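The values are calculated or read from the model by the stated rules, or taken from the named source; none is laboratory data. Just so it is clear, the model here is predicted, and its values are computed rather than measured. Positions of Cβ are generated from backbone atoms using ideal geometry, with glycine treated the same way; all protein chains shown enter the neighbour counts. Surface accessibility is based on the protein's heavy atoms, side chains included, excluding ligands, DNA and RNA. Shrake-Rupley method; radii C 1.70, N 1.55, O 1.52, S 1.80 Å.
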Amino acid sequence: MANMKWKSFNGIPLLVTLIWIVAFAASLHFLDKSVLAFLGILSSIVLVYYTNTSKAIKMVIGAAVLLIIIPLVAGDNRYYMEVASQVGIYVAMALGLNIVVGFAGLLDLGYVAFFAAGAYAYAIFSTSQANEFIAGNLFPLSGEWFWPFLIVGLIVAAVFGVLLGLPVLRVKGDYLAIVTLGFGEIIRIIFNNLDKPINITNGPQGITPIPSPELFGIKMGTPFYFYFIVLFVIAFIVLANIRFEHSRLGRAWIAVREDELAAQSMGISLLNTKLAAFATGASFAGVVGVIFAAKQTFIDPTSFTLMESIGILVMVILGGSGSIPGVVLGAAFVTILQVQLLKEFSNFLHSLQQSGIINLPNQLDPSKFQRLVFGIMLILVALYRPNGLIPAKRKKNDLDAIKASKFGQAKLGILSKISQISSGKQS
């Protein structure tokens, strides 16, 4: 019954979506640090996705919300823009992992290693840390080098992706997860110990101060600027995901995901296809790593633990593996939950405790139950939405139309040769 009702759902009326956006935009402007107002304006993107209107109108409204409304009503509020840019970073990371896990079906538990590769690539050369192993006192580089290092981070992480892909081509399933998990931990330990005998990463002390981006002499060190930088990167990654999904390589990834043996029998190279998936997904993580390092102005190995990889994987599975809008929703939901909702709920309970209304033990602090909440969410999704919050849509072809076309009438391949031979014998 529930499935029938969902299938008969025709979308949200356009007027309802517009009223929702206006109402929460006004609330966001007049209320300081309002969790509900901020969630309302962000959830308007989901409403736009389900609005009963054309794709062009949806894109215009979505772009207006992200590029005009949020910066105008929340641009002066550092708290809002900080959360929004943090959400964007994890959305971009999840979209990169979606290529490996969602499209190619390769379970990667070491994805944070590529994130670390991009972050350290920028951090080392943009600070005086590079003078430790490169003579000439050429460093640090200015913030204007941030933009070329987006490409450098992409290339470095792609190389790391190929290095991971080569030894794991013969394993799959649980063994692939174990190998990638080990790779992620190896990279973190290497960065943690690469301060001897030559100090490259400064070991557990980390690297600081990492310069913020600069463009035409303008320093972009505030969350407001990082919000637009992250939006630009997300737009690029979403476009790349869409192009890959409908390309020959994307169809090869999906074929490998569904059945490796059948894909190989159809002439798909498992070596090239898997390496391309690892390298492509890793390259996006490298770009985001550069942004993360510039935003934080400090990085150390504790920023790139196994739990980060698991958290990003949760975002992909929760939203819908292989679904681009689903992954965006899953990443935004999980990030807001851990960055804002649990933290704000914890602060609310602490204020009640200080006023003497309740007596809450420290062990029951909601912010300490993040992993428990993740586990409960995954169980609920597995039970009620096994394909994710927004499942991936399969392209459907009209077989009757194909049969009625000129391609369906003509005999192709070996059938055409048999027909030619039989007609030659008859003549």
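In the stretch 156-213, which residues are surrounded by fewer than 19 Cβ atoms within 10 Å (Cβ to Cβ) and among the hydroxyl-bearing types (Ser, Thr, Tyr)?
Across the stretch 156-213, the qualifying residues are TYR175, THR208, SER212.
Need a quick list: helices (runs of 4 or more DSSP H) entirely within the stretch 256-345 having at least 3 residues that are open to solvent by less than 20 Å² (accessible area, probe 1.4 Å) and within 30 Å of THR208 (Cβ to Cβ).
Working: elements: 260-265, 270-296, 306-319, 324-336.
Ranges flagged: 270-296, 306-319, 324-336.
Of the residues GLY286, GLY311, only one is among the small types (Gly, Ala, Ser) and modelled with pLDDT under 90; which? Steps first, please.
Numbers: GLY286 fails: modelled with pLDDT under 90.
From the options GLY286, GLY311, the qualifying one is GLY311.
Does at least one position in the stretch 315-331 carry a residue that is at positive phi and touching a residue at least 60 places away in the same chain (Cβ under 8 Å)?
Kept after step one, since they are at positive phi, are these residues of the stretch 315-331: 320, 322.
Adding the requirement that they be touching a residue at least 60 places away in the same chain (Cβ under 8 Å) leaves 320, 322.
Yes, the conditions are met somewhere in the stretch 315-331.
Counting only residues that are open to solvent by 50 Å² or more (accessible area, probe 1.4 Å) and on the phi < 0 side of the Ramachandran plot, which one in the stretch 214-223 is farthest from the chain's Cα centre (by Cα)?
To start, the set of residues in the stretch 214-223 that are open to solvent by 50 Å² or more (accessible area, probe 1.4 Å) comprises 215-219, 222.
Next, from what is left, pick out any that are on the phi < 0 side of the Ramachandran plot: 215, 218-219, 222.
Working: LEU215: 26, ILE218: 28, LYS219: 26, THR222: 22 Å.
Applying the filter and picking the extreme gives ILE218.
Return a yes/no flag: does the stretch 222-233 have any residue that is part of a helix (DSSP H, G or I) and over 23 Å from PHE115 (Cβ atoms). Don't jump to the end; show me each part of the working.
Our first condition is that a residue be part of a helix (DSSP H, G or I); within the stretch 222-233, this holds for 223-233.
Filter again for over 23 Å from PHE115 (Cβ atoms), leaving 224.
Yes, because at least one residue in the stretch 222-233 is part of a helix (DSSP H, G or I) and over 23 Å from PHE115 (Cβ atoms).
Identify, from the list PHE304, PHE333, the residue that is under 24 Å from PHE183 (Cα atoms), out of contact with any Pro (no Cβ under 9 Å at 6 or more places or on another chain) and of a type outside the set (Lys, Arg).
Of the residues listed, the single one that is under 24 Å from PHE183 (Cα atoms), out of contact with any Pro (no Cβ under 9 Å at 6 or more places or on another chain) and of a type outside the set (Lys, Arg) is PHE304.
Which condition does ALA240 not pass, out of (1) open to solvent by 40 Å² or more (accessible area, probe 1.4 Å); (2) in a helix (DSSP H, G or I), if it passes all the others?
It is condition (1) that ALA240 fails.
Here are the criteria: (1) basic (Lys, Arg); (2) at pLDDT below 65; (3) part of a helix (DSSP H, G or I). Tell me which single one LYS368 does not satisfy.
Status for LYS368: all satisfied but (2).
So which residues in the stretch 138-165 are assigned to a loop (DSSP other than H, G, I, E, B) and either in contact with a helix residue (DSSP H, G or I) (Cβ under 7 Å, 6 or more places away or on another chain) or modelled with pLDDT of 90 or more (or both)?
PHE139, PRO140, LEU141 - these are the residues of the stretch 138-165 that are assigned to a loop (DSSP other than H, G, I, E, B) and either in contact with a helix residue (DSSP H, G or I) (Cβ under 7 Å, 6 or more places away or on another chain) or modelled with pLDDT of 90 or more (or both).
Can you tell me which residue within the stretch 126-155, out of those that are of a type in the set (Gly, Ala, Ser) and in contact with a Gly (Cβ under 9 Å, 6 or more places away or on another chain), is surrounded by the fewest Cβ atoms within 10 Å (Cβ to Cβ)? I'd like the intermediate steps shown before the answer.
Going residue by residue through the stretch 126-155, those that are of a type in the set (Gly, Ala, Ser) are 126, 128, 130, 135-136, 142-143, 153.
Remaining after also requiring in contact with a Gly (Cβ under 9 Å, 6 or more places away or on another chain): 126, 143, 153.
Numbers: SER126: 25, GLY143: 20, GLY153: 30.
Result: GLY143.
Taking only the stretch 94-151 into account, find how many residues are among the β-branched types (Val, Ile, Thr) and in contact with a Phe, Trp or Tyr (Cβ under 6 Å, 6 or more places away or on another chain). If you could, list the steps in order and put the result at the bottom.
Our first condition is that a residue be among the β-branched types (Val, Ile, Thr); within the stretch 94-151, this holds for 99-101, 112, 124, 127, 134, 151.
From what's left, in contact with a Phe, Trp or Tyr (Cβ under 6 Å, 6 or more places away or on another chain): 112.
Selection size over the stretch 94-151: 1.
Any chance you could count how many residues in the stretch 220-277 are free of Cβ contacts under 8 Å to residues at least 60 places away in the same chain and closer than 18 Å to ALA331 by Cβ?
Counting residues in the stretch 220-277 that are free of Cβ contacts under 8 Å to residues at least 60 places away in the same chain and closer than 18 Å to ALA331 by Cβ gives 5.
Take the residues of the stretch 243-254 that are among the small types (Gly, Ala, Ser) and within 16 Å of PHE278 (Cα to Cα): which is surrounded by the fewest Cβ atoms within 10 Å (Cβ to Cβ)?
Taking the stretch 243-254 and keeping what is among the small types (Gly, Ala, Ser), we get 247, 250, 252.
Within this subset, residues satisfying the condition of being within 16 Å of PHE278 (Cα to Cα) are 250, 252.
Values: GLY250: 19, ALA252: 23.
This residue is GLY250.
Hey, could you check the stretch 346-357 for residues that are of a type in the set (Ser, Thr, Tyr) and exposed (fewer than 15 other Cβ atoms within 10 Å of the Cβ) and say which is nearest to the chain's Cα centre (by Cα)?
Taking the stretch 346-357 and keeping what is of a type in the set (Ser, Thr, Tyr), we get 346, 351, 355.
When the remaining residues are screened for being exposed (fewer than 15 other Cβ atoms within 10 Å of the Cβ), the result is 351, 355.
Details: SER351: 35, SER355: 41 Å.
Applying the filter and picking the extreme gives SER351.
Which residue pairs have Cβ atoms under 7 Å apart, sit 6 or more places apart or on different chains, and have a first residue in the stretch 163-176 that is under 10 Å from LEU107 (Cβ atoms) and a second that is open to solvent by 40 Å² or more (accessible area, probe 1.4 Å) and outside any helix (DSSP H, G or I)?
LEU176/LEU107
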